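The block underneath contains the structure these notes are about, expressed in structure tokens.
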Amino acid sequence: MKKKFKKNKNKNQTSFYFEDYLETNKKNKILKKTNNFQDRMYLLFFFFFSLILIFSIKIINISLNKKNIYNVEKQSTKFSLLRRDITDRNGVIISRNINTYHASIDPRLIKDKKSFLIKLRLNFPELPIEDIKSKLEKKKYFRIKKRINQAEKEKFWSLGEKAIKFEPFQARMYTHGNLFSHVIGQVDYDNYGISGIEKYFDRELKDKDLIDEPLKLTLDSNIQYIINKEMNNAIKTFNATGAGALLMNVNNGEILSLVSLPNFNINHRNDIKEKKYLNKITKGVYELGSIFKTFTVALALEHELVDTDTVVQNIPRKIRCSVHEITDMKDHPKNLSVEDILVRSSNVGSVILAKKIGEEKYRDFIHQTKLTKNPDIELEEVGIPHQLSWNRCKLETISFGHGITTTPLQATTLYASMSNGGYLISPSLIKNRKKKETNKIISNHTSEKLRKILRKVVSSENGTASLADKEGYFVGGKTGTAESYGDKKNRINTFISIFPTNEPNYTLFVMLENPKINKNLIYNYRGVKTKAPYNTSGWNSVYVAGKIIEKIGPILAINNEEFTSQHVVEKFN
């Protein structure tokens with residue numbers, strides 16, 4: 001019995017130890033589970049903390065970098081210029097490439113075509129909805145609108161249609177719209193120049209080695225704006241069909257402004273074929289009338305055939321040459337000095353001077369100045385003066401500007417040369433262009449005499465350009481009545497001025513096409529209030545030129561005190 005009890009006791013003892021082990025193991029498992037739970041909690045906490053951190057960084061990044069996302073597809077942000085910028089003389093942007101888009105449609109992504117078309121009709125009434133509907137049926141990808149602006153892009157995106165895609169491409173943007181339309185020109189959809197500066201310098205503008213260096217023009221945006229505005233006002237004031245103006249530096253040929261009206265917005269890629277839109281300054285070919293009398297007087301003085309105070313006596317009322325009868329528009333004294341012939345603008349007096357000069361000398365002058373050749377300018381849009389045939393009476397008619405054609409650009413350039421001491425210059429639209437060698441066409445002495453006479457055309461009682469006499473600017477110039485070659489009904493009233501005449505810096509050409517008398521316009525004519533008695537350039541083109549000079553003078557750093565020294569007053573009185 002004891003053994004059995006002992007055995008039992010041993011069993012109990014064994015059982016006791018076994019139970020103690022299970023309890024300990026259970027406690028360890030509970031402890032292990034607790035530790036695993038804590039690890040998972042830490043892991044989850046770290047995971048959620050990381051997500052919160054990532055989203056926070058993303059939100060901050062998006063808020064600091066404002067980007068408009070218009071499509072789910074990836075769009076390239078790389079922008080490599082295809083053409084150089086074009087700027088004015090002061091660095092103001094005139095032409096620049098920008099990243100823009102075409103709006104296209106993928107019909108396969110449209111769920112409700114009827115709803116889609118309704119949205120388009122409501123938001124874009126100008127779109128051809130029926131044509132779009134027909135294209136949707138074909139289920140082929142197509143463009144719905146080319147060259148959309150930012151506002152249009154946002155409007156398309158707001159429709160919430162995945163079918164609308166935006167195709168990025170580079171477009172040429174002209175910051176001043178129509179202000180430089182006749183100079184800058186345009187590019188096509190492939191960024192190739194098709195007119196103006198864009199075409200003339202197409203290769204240079206696409207040169208990758210110069211892509212970061214803008215092409216700088218001689219034009220001044222501020223002056224261009226003022227002159228363009230005044231010329232538009234002149235068209236309204238005198239009910240003209242067109243107008244043109246050119247401002248040039250007489251010493252280096254730099255063109256500060258070139259305006260031809262009507263103009264057009266070069267941001268709109270429209271075919272401009274109407275004749276009224278041609279560049280009247282470089283491509284228009286005209287008989288420029290009385291402004292040629294300045295050249296006749298200059299040649300007579302240069303060859304020492306006469307002096308400014310030489311009196312031409314017994315000038316007839318009319319001169320007959322073959323079947324032509326040459327007369328003056330109004331009566332003049334029988335005896336006129338050479339100076340007075342130009343101041344009063346006498347046709348008959350100019351014919352008498354031309355006969356003294358002779359055909360050979362006049363022909364050499366026209367050949368040397370290239371008046372009847374193509375203009376030399378950085379544009380392809382240039383006029384071709386008609387071939388000059390020296391037949392009977394040609395010398396007589398050329399002396400007062402009839403029977404010979406040229407462009408306003410060439411005539412203005414020659415006036416610049418006449419006033420700058422006689423140096424023949426080349427006009428230019430490009431800043432810091434390499435200067436060509438200059439030739440002398442008249443002496444400094446003749447140039448100075450001529451400037452004094454041109455000043456009296458404006459300042460004297462008998463002059464034809466008194467309305468351009470603005471105090472402090474010492475304006476000189478010559479009026480003219482012109483005809484468009486091949487269209488005798490197209491009347492052109494012109495005025496070419498130089499200022500200041502004591503030391504010329506600028507020449508300004510102003511032209512009005514088919515102007516009419518403004519019966520309501522009151523002029524301040526030499527201190528007297530009056531209306532225009534004639535439809536001549538002295539009562540319209542000269543008036544406009546005076547207004548322009550007053551406004552651009554301060555920009556050109558010619559203020560009213562600069563030229564009022566006693567020396568200047570004595571010199572030109």
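General observations
- Residue 524 vs. criteria of a type in the set (S, T, N, Q) and either under 30 Å from residue 425 (Cβ atoms) or outside any strand (DSSP E or B) (or both): no
- Just one residue in the set 443, 389 is of a type outside the set (Phe, Trp, Tyr), modelled with pLDDT of 95 or more and surrounded by fewer than 17 Cβ atoms within 10 Å (Cβ to Cβ); that residue is 443.
- Considering the conditions (1) acidic (Asp, Glu); (2) in contact with a helix residue (DSSP H, G or I) (Cβ under 7 Å, 6 or more places away or on another chain); (3) under 20 Å from residue 267 (Cα atoms), residue 167 is excluded by exactly one of them, (2).
- For first residues located in region 94-105 and closer than 16 Å to residue 206 by Cβ, partners that are aromatic (Phe, Trp, Tyr) and buried (at least 17 other Cβ atoms within 10 Å of the Cβ) and lie 6+ apart or on another chain with Cβ distances below 9 Å form the pairs 95/174; 95/180; 96/174.
- Residue match in region 212-224 (condition: farther than 30 Å from residue 531 by Cα, among the aliphatic types (A, V, I, L, M) and surrounded by 24 or more Cβ atoms within 10 Å (Cβ to Cβ)): yes
- Looking across region 360-372 at every residue that is charged (D, E, K, R) and surrounded by fewer than 14 Cβ atoms within 10 Å (Cβ to Cβ), the one that is nearest to residue 217 (Cα to Cα) is identified as 364.
- Single condition residue 279 does not satisfy, out of (1) in contact (Cβ under 8 Å) with a residue 24 or more places away in the chain; (2) surrounded by 15 or more Cβ atoms within 10 Å (Cβ to Cβ); (3) in contact with a Pro (Cβ under 9 Å, 6 or more places away or on another chain): (3)
- Residue match in region 522-533 (condition: without any contact (Cβ under 8 Å) to a residue 40 or more places away in the chain and at positive phi): yes
- Any hit, region 61-77, residues being under 34 Å from the mean Cα position of the chain (by Cα), assigned to a loop (DSSP other than H, G, I, E, B), at pLDDT 85 or above and farther than 30 Å from residue 254 by Cα: no
- Residues being under 19 Å from residue 192 (Cα atoms), of a type in the set (D, E, K, R) and over 21 Å from the mean Cα position of the chain (by Cα) - total across region 151-178: 0
- Of all residues in region 481-504, those that are part of a loop (DSSP other than H, G, I, E, B) and either outside the structural domain of residue 243 (by TED's automatic domain parsing) or crowded, with 16+ Cβ neighbours inside 10 Å (or both) total 5.
- Among the residues of region 492-530, the ones that are in contact with a strand residue (DSSP E or B) (Cβ under 7 Å, 6 or more places away or on another chain) and not hydrophobic (A, V, I, L, M, F, W, C) come to 13 in all.
- Residues that are part of a loop (DSSP other than H, G, I, E, B) and not aromatic (Phe, Trp, Tyr) were ranked within region 129-149; the one that is modelled with the lowest pLDDT is 149.
- Of everything in region 308-328 that is of a type in the set (Ser, Thr, Tyr) and in contact with a strand residue (DSSP E or B) (Cβ under 8 Å, 6 or more places away or on another chain), the residue that is nearest to residue 445 (Cα to Cα) is 308.
- Filter result (touching a Phe, Trp or Tyr at 6+ places or on another chain (Cβ under 8 Å), in contact (Cβ under 8 Å) with a residue 40 or more places away in the chain and in a helix (DSSP H, G or I)) within region 319-360: 347, 350, 351, 354
- Of all the criteria given as (1) at pLDDT below 95; (2) assigned to a loop (DSSP other than H, G, I, E, B); (3) of a type in the set (D, E, K, R), the one not satisfied by residue 304 is (1).
- Filtered residues of region 106-121 (kept if more than 15 Å from residue 158 (Cβ to Cβ), in contact (Cβ under 8 Å) with a residue 40 or more places away in the chain and hydrophobic (A, V, I, L, M, F, W, C)): 109, 110
- Residue satisfying condition, being in a loop (DSSP other than H, G, I, E, B) and either within 17 Å of residue 382 (Cα to Cα) or touching a residue at least 60 places away in the same chain (Cβ under 8 Å) (or both), within set 222, 263: 263
The values are calculated or read from the model by the stated rules, or taken from the named source; none is laboratory data. It should be emphasised that the depicted structure is a prediction, and the values quoted were computed from it without experimental measurement. Positions of Cβ are generated from backbone atoms using ideal geometry, with glycine treated the same way; all protein chains shown enter the neighbour counts.
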